[in-house]
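K.L.:
Structure incoming, see below.
The values are calculated or read from the model by the stated rules, or taken from the named source; none is laboratory data. Since the structure is predicted, the reported quantities are computational estimates derived from the model, not experimental observations. Cβ: placed from backbone, ideal geometry, glycine included. Neighbour counts: every protein chain shown. Remember, those area values only see protein heavy atoms, side chains included, never the ligands or the DNA or RNA. Shrake-Rupley method; radii C 1.70, N 1.55, O 1.52, S 1.80 Å.
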Amino acid sequence: MYLHIPFCRKACSYCDFHFSVNHEKMDAMIEAMCKEIELRKNYLENNGEKTVLQTIYFGGGTPSLLNSHHLDKLFNSITKYFTVAPNAEITLEANPDDLTDKKLLELKQSPINRLSIGVQSFFDDDLILMNRAHNASMATNSVKAAANAGFNNLTIDLIYGIPGMSDDKWKRNLDIAFSLPVEHLSCYSLTVEKKTALDKWIREGKIAKIDDESAINHFKILMSEAAANKFDHYEISNFGRKGFYSNHNSSYWKNKSYLGIGPSAHSYNGISRQWNISGNTAYIMAINKNEIPAEIEILTIENKFNEYIMTGIRTKWGLSRKYILNEFGAKFEAVFIEQINEFIDSSAIQCIDEIYTLTDSGKLIADRIASKLFVVL
Ligand SMILES: C[S@@+](CC[C@H](N)C(=O)[O-])C[C@H]1O[C@@H](n2cnc3c(N)ncnc32)[C@H](O)[C@@H]1O
């Protein structure tokens, strides 16, 4: 289960996820999300029993803005209508500025057993450019404080490819990350999303454009530093020690079904995908009328194949010829084999026992390879 908490303290200059900085409707939103949990208790396959949840993920937005009362309400609703597996992974995205000792104690007393801390950078000038609510010392201190509070499954998010960021500065970011008690790291190349402040500043010439070459260099540094620190590169943007890969995100990449609760949350049940409306007021109003404000797309076999290619190729588990044959049939298998050979010849893809994975050089062009493998009928 994914729960989208659509509130933030400030708008980050690069972010186009759905959130509001007006918190007036926070109580009403939590009530509505509890109601949606009830309304959609049978969305996932359950043979007439309560569905068993293997992972729960509070994303956002900034879920660490929730107080313990909000979290209690959500967990009460979840356990009333679902069964939470005994060793379920329960993650909450938290921002460093929220992680006071008091807050960490509250979180530790809840069922949450994994924190994903939105560090983004350990340097003040980057954090100012990104309009973050925390500074560099809060970033390091929050990670240490979370470990001291007893969280032993910590992950942090970092962003590279920031205009003007030198290779050395990115490497120093990684050195700090690997010196902290974290078991997992998500690193994203900065993307310029339309209608963000970053997009406006770049168009007005106030800051430099993203330099693709330096983003590629940062990614190469990231791969070698992660390997040197025994973090497995198990998905393009994700690195973890053995036993600490994200089970929740891995489910997305392994075609498992999931239920998304809250405005803008996506759901998938093996047959269709649906996404809730991205507006807090409209969402609350619809749920209060017992309606799910969602658009739905029934997936064709080509949609499913292309999604398998797009997500599978990014992971260390890769693409399986046998799976393609069994799930999609001989026609898809034949097209796949014909298209993939070009990338084996150029050493972007390696094939072991009919499993195709990206090489390090292939990881630099993963999206280009995926789009070449797509089937358009
Ligand atoms: C939507 S945020 C929510 C997490 C948390 N509230 C925070 O702000 O850190 C999830 C992650 O997506 C990444 N992200 C969001 N927009 C991005 C962009 N334009 N380019 C690269 N990474 C981005 C950030 O690393 C962020 O931690």
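K.L.:
Heavy atoms only, probe 1.4 angstrom, no DNA, RNA or ligands counted: give me Thr100, Thr155 ranked by accessible area, highest first. Provide the component values of the computation, followed by the final result.
P.N.:
Details: Thr100 70, Thr155 5 Å².
Order by accessible area, largest first: Thr100, Thr155.
K.L.:
Could I ask something else about it? How high is the relative contact order of segment 2-253, in percent, counting Cα pairs under 8 Å that sit 6 or more residues apart? Don't skip to the end; give the middle numbers.
P.N.:
Numbers: 406 pairs, mean separation 45.0, N = 252.
Reported as a whole number, the value is 18 percent.
K.L.:
In the chain, with Lys and Arg counted as +1 and Asp and Glu as -1 at Cβ, which of these residues, Trp275, Ser361, Thr51, has the Cα nearest the positive end of the dipole, that is, farthest along it?
P.N.:
Result: Thr51.
K.L.:
Per residue, what accessible area does segment 7-72 have, given a 1.4 Å probe and all protein chains present, in Å²?
P.N.:
On the way: 3200 Å² over 66 residues.
Per-residue value: 49 Å².
K.L.:
Which of Ser371, Leu99, Ala32 sits closest to the plus end of the dipole of the chain, meaning its Cα is farthest towards the positive end, when Lys and Arg get +1 and Asp and Glu get -1 on the C-beta?
P.N.:
Final value for the positive-end residue is Ala32.
K.L.:
A further question on this structure: Can you pull the one-decimal nm distance between simple spin-label points at Asp199 and Asn269, each 7 Å off the Cα toward Cβ?
P.N.:
In this crude spin-label approximation the distance works out to 3.3 nm.
K.L.:
Something else now. Farthest toward the dipole's positive end in segment 301-373, which of Ile349, Thr311, Gln339, given Cβ charges of +1 (Lys, Arg) and -1 (Asp, Glu) about the Cα centre?
P.N.:
Looking along the dipole axis, the top candidate is Thr311.
K.L.:
Taking the Cα centre of segment 21-114 as origin, work out the dipole magnitude from +1 charges on Lys and Arg Cβ and -1 charges on Asp and Glu Cβ, in debye rounded to 20.
P.N.:
Here the size comes out at about 220 debye.
K.L.:
Roughly how much of Lys322 is accessible, in Å² to the nearest 10, using a 1.4 Å probe?
P.N.:
In the full protein context, Lys322 sits at about 140 Å².
K.L.:
Among Lys220, Lys80, what's the order by accessible area (1.4 angstrom probe), most exposed first?
P.N.:
Accessible-area ranking of Lys220, Lys80, largest first: Lys80, Lys220.
K.L.:
At 1.4 Å probe size, with the rest of the protein present, what percent of the exposed accessible area of segment 1-154 is carbon and sulfur atoms?
P.N.:
49
K.L.:
Residue-wise, which Karplus ³J(HN,Hα) couplings in Hz belong to segment 8-19, taking 6.51 cos²θ - 1.76 cosθ + 1.60, θ = phi - 60°, and x for glycine or proline?
P.N.:
3J(HN,Hα) across segment 8-19, in whole Hz: 9, 6, 9, 8, 5, 5, 9, 8, 10, 5, 7, 7.
K.L.:
Rg/Rh for the chain to two decimals, with Rh computed the Kirkwood way over all alpha-carbon pairs.
P.N.:
Here the Rg-to-Rh quotient is 0.96.
K.L.:
In debye, nearest 20: dipole of segment 1-60 around its Cα centre with unit charges on the Cβ of K, R (+) and D, E (-)?
P.N.:
140
K.L.:
Also, I was wondering about something else. Leaving out ligands, DNA and RNA but keeping every protein chain, what accessible area does Lys331 have, in Å² rounded to the nearest 10, with a 1.4 Å probe?
P.N.:
150
K.L.:
Arrange the residues Asp27, Asp353 by how much accessible surface each exposes, largest first, with a 1.4 angstrom probe.
P.N.:
Sorted descending by solvent-accessible area, the residues read Asp353, Asp27.
K.L.:
Can you pick out the pairs among Lys80/Lys254; Lys254/Lys304; Lys10/Lys102; Lys322/Lys363 whose Cα atoms lie more than 20 Å from each other?
P.N.:
From Lys80/Lys254; Lys254/Lys304; Lys10/Lys102; Lys322/Lys363, over 20 Å: Lys80/Lys254; Lys10/Lys102; Lys322/Lys363.
K.L.:
Considering only protein heavy atoms, what per residue accessible area in square angstrom results for segment 235-302 with a 1.4 angstrom probe?
P.N.:
Accessible area per residue: 46 Å².
K.L.:
So what is the accessible area of segment 121-188 per residue, in Å², with the probe set to 1.4 Å? Before the final figure, lay out the partial values.
P.N.:
Working: 2450 Å² over 68 residues.
It amounts to 36 Å² per residue over segment 121-188.
K.L.:
Spelling out what I want: for every residue of segment 63-70, take phi, set θ = phi - 60°, compute 6.51 cos²θ - 1.76 cosθ + 1.60 (Karplus), and round to whole Hz; glycine and proline get x.
P.N.:
Along segment 63-70, the couplings run x, 6, 6, 5, 8, 5, 5, 4 Hz.
K.L.:
Grab the beta carbon distance between Thr79 and Glu342, set R0 = 51 Å, and tell me the FRET efficiency rounded to 0.05.
P.N.:
0.50
K.L.:
If you add up the charges near Ser251, with Lys and Arg at +1 and Asp and Glu at -1, over every other residue whose beta carbon is less than 13 angstrom from its beta carbon, what do you get?
P.N.:
Spelling it out: positives minus negatives among the neighbours equals 0.
K.L.:
Follow-up question, since we're still on this one. For Ile207 and Lys10 in the same chain, what is the full-extension length gain: residue separation times 0.36 nm, less their Cα-Cα distance, in nm? Don't jump to the answer; show the numbers that get you there.
P.N.:
Details: separation 197, 0.36 × 197 = 70.92 nm, distance 2.05 nm.
Full extension from Ile207 to Lys10 adds 68.9 nm.
K.L.:
A follow-up question, please. Points 7 angstrom from Cα along the Cβ direction at Ala334 and Lys242: gap in nanometres?
P.N.:
Roughly 4.3 nm, to one decimal.
K.L.:
Would you work out if segment 6-80 is rounded, prolate or oblate? Take a ≥ b ≥ c from the square roots of the eigenvalues of the alpha-carbon gyration tensor; rounded if a/c is under 1.5, else prolate when a/b is larger than b/c, oblate otherwise.
P.N.:
Prolate shape, in that a/c is at least 1.5 and a/b is the bigger ratio.
K.L.:
Counting each DSSP H run of 4 or more residues in the chain as -39500 (n - 2.57), what helix-only mean residue ellipticity at 222 nm follows after dividing by all residues, to the nearest 500 deg cm²/dmol? Provide the component values of the computation, followed by the final result.
P.N.:
Details: 15 runs with 157 residues, N = 377.
So the calculated ellipticity at 222 nm is -12500 deg cm²/dmol.
K.L.:
Then there is this: How far, in nm, would the chain grow between Val375 and Ser110 when pulled straight, counting 0.36 nm per residue and subtracting the alpha carbon separation?
P.N.:
90.9 nm
K.L.:
Can you tell me how segment 301-373 classifies by the Cα gyration tensor, rounded, prolate or oblate, using a/c under 1.5 as the rounded cut?
P.N.:
prolate
K.L.:
Based on DSSP, what percent of beta bridges with both residues in segment 2-253 are antiparallel, to the nearest 5?
P.N.:
20
K.L.:
At a 1.4 Å probe radius, carbon and sulfur cover how many percent of the accessible area of segment 216-323?
P.N.:
The computed percentage sits at 54.
K.L.:
Given springs between every Cα pair under 10 Å in a Gaussian network model of the chain, which of Gly318, Gly118, Gly150 has the largest fluctuation?
P.N.:
Gly150
K.L.:
Taking a cut-off of 20 Å between Cα atoms, list the lysines near Lys206, but don't count ones fewer than 8 places away on the same chain.
P.N.:
By straight Cα distance, Lys206 reaches Lys194, Lys195.
K.L.:
Just to verify a number: what accessible area does Asp72 come out at with the full protein assembly present, 1.4 Å probe, Å² rounded to tens?
P.N.:
90
K.L.:
If I stretch the segment between Asp125 and Ala28 completely, what's the gain in nm (0.36 nm per residue apart, minus their alpha carbon distance), one decimal?
P.N.:
Going from the current span to full extension adds 31.3 nm.
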